[in-house]
Amino acid sequence: MKNEKEARVASDTELMRIDDAYYKKIADGLDWRKIAKLAANDLEAYSNVIILAAQTGQKRFFIDLGKCLSGDIKSGYDKLDYAIAVILSHNPSIKAKAAVRELKERGHPEISEENFRVRKQRLKALVRAVVERDKAHEPQIYEIIRRMVKGSA
């Protein structure tokens with residue numbers, strides 16, 4: 001009886017090790033630099049991803065995250081991009097001329113209408129990429145976290 005119980009515990013431990021290795025392999029396939037850039041802008045929203053990075057030993061993620069937070073790596077956009085995003089969130093169909101005027105009224109440096117259009121397109125592409133990436137990786141990330149939490153319980 002004792003040997004049977006020990007065998008069951010050993011096999012459960014082995015299964016957990018195989019499970020951890022499988023999910024570490026999935027985690028290794030994620031683009032952690034891009035995730036670090038996104039996480040640097042909203043640590044709370046990416047807390048589960050940060051936990052996953054720690055649990056799967058993604059040292060490069062933390063190095064990149066630190067560089068993003070310290071300003072050594074640009075996280076992808078600046079204060080002007082943020083101001084443009086705020087304006088667009090309130091009025092998505094605003095004309096470039098009106099948006100440039102509003103930016104100036106808010107104390108931002110004057111930019112051309114063409115520069116505004118380029119930044120707007122870049123921000124839209126970023127939003128699309130984030131939404132697509134979240135949809136693609138969210139189930140994997142939550143499944144990995146769920147399995148790891150279940151294994152440690």
Considering segment 46-84 alone, what residues qualify as being among the acidic types (Asp, Glu) and closer than 20 Å to HIS108 by Cα? ASP78, ASP81
Taking segment 31-63 and keeping residues among the charged types (D, E, K, R), within 12 Å of the chain's Cα centre (by Cα) and in a helix (DSSP H, G or I) leaves ARG33, LYS34, LYS37
Residue pairs within 7 Å by beta carbon, gap of at least six or interchain, first lying in segment 47-61 and farther than 11 Å from ARG33 by Cα, second at pLDDT 90 or above, listed first then second, are ALA53/PHE61; ALA53/PHE62
Residue in segment 66-82 that is closer than 28 Å to LYS25 by Cβ, in contact (Cβ under 8 Å) with a residue 60 or more places away in the chain and assigned by TED's automatic domain parsing to the domain that holds ILE26 present: no
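The values are calculated or read from the model by the stated rules, or taken from the named source; none is laboratory data. Here the structure is a predicted model, which is why all the values come from computation and not from measurement. A quick note on method: Cβ atoms are made from the backbone with ideal geometry, for glycine too, and the neighbour counts reach across all protein chains shown.
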